[in-house]
1. When a footprinting reagent is the concern and you count Cβ atoms within 10 Å, what order do THR87, THR9, THR139, THR130 take, fewest first?
2. Report the relative contact order of the chain, percent, no decimals, based on alpha-carbon pairs under 8 angstrom and at least 6 residues apart.
3. Which entry is the computed Kirkwood radius over Cα pairs in Å for this structure: (1) 16.7; (2) 14.8; (3) 15.8?
4. Sorted by mean Cβ packing within 10 Å, highest first, what order do the peptides 112-120, 75-83 take?
5. How about region 17-94: which chymotrypsin sites (Phe, Trp or Tyr not before Pro) there lie in a loop by DSSP and see at most 13 other Cβ atoms within 10 Å?
6. If we count other beta carbons within 10 Å of each Cβ, what is the order of ASP96, ASP41, fewest first?
Amino acid sequence: MSADHYAWTWRPRQVPADPKAAVAWGDAARRLHARLLLLADEQAARLHATASGDVLVVTGAAADLPWVDGVAYAAVHPGAPGLWLPTSWEPTVPVDLLGQTLSARFKRSPLLLWREPQAVVPLDRLLPVTVEHLQRIATHWGASHAIA
């Protein structure tokens, strides 16, 4: 049996998970990117980031994760080690089954499954937060002017 055979939705988690990633979309992603450029080197060295399309994902310890207006948080689900979910939401189907189905479909791991906007984001290309990496992200977004 696979999660493909079930209609599922999201429900609020009874207890939010401890954040291990900051997730931002659109304008919030650009604000998060700008915030990363202002971090002290020692804090930035403890973070990893990846960007895809209109999303920026930054992973690290909760105390190190930056905040900007519009950012949300994610964490690895203990029942599916290769699956990251929003800290405040969970699927209505068994998470281990959903994780296996997504891994088979996307052939990459780990994966971030996001509620709004609905998306699956591969996290296998997380790199340390450096000025060079942030420049590559800005260039990818077509916003190289964002870095002075």
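1. If I rank by nearby Cβ atoms, fewest first, I get THR9, THR139, THR130, THR87.
2. Numbers: 253 pairs, mean separation 41.5, N = 148.
Taking the mean separation of contacting Cα pairs over the length of the chain, I get 28 percent.
3. Looking at Kirkwood radius over Cα pairs in Å for this model, the match is (3).
4. Working: 112-120: 15.2, 75-83: 17.2.
Packing proxy ranking, top to bottom: 75-83, 112-120.
5. Working: sites: TRP25, TRP67, TYR73, TRP84, TRP89; in loops: TRP67.
Within region 17-94, the qualifying chymotrypsin sites (Phe, Trp or Tyr not before Pro) (loop, at most 13 other Cβ atoms within 10 Å) are TRP67.
6. Values: ASP96 15, ASP41 9.
The most exposed by this proxy come first: ASP41, ASP96.
Each reported figure results from applying straightforward, stated rules to the coordinates on display, with no laboratory input. Treat the numbers as computed from the prediction; the structure is a model and nothing was measured. Note that each Cβ is placed from the backbone with ideal geometry, even for glycine, and that neighbours are counted across all protein chains shown.
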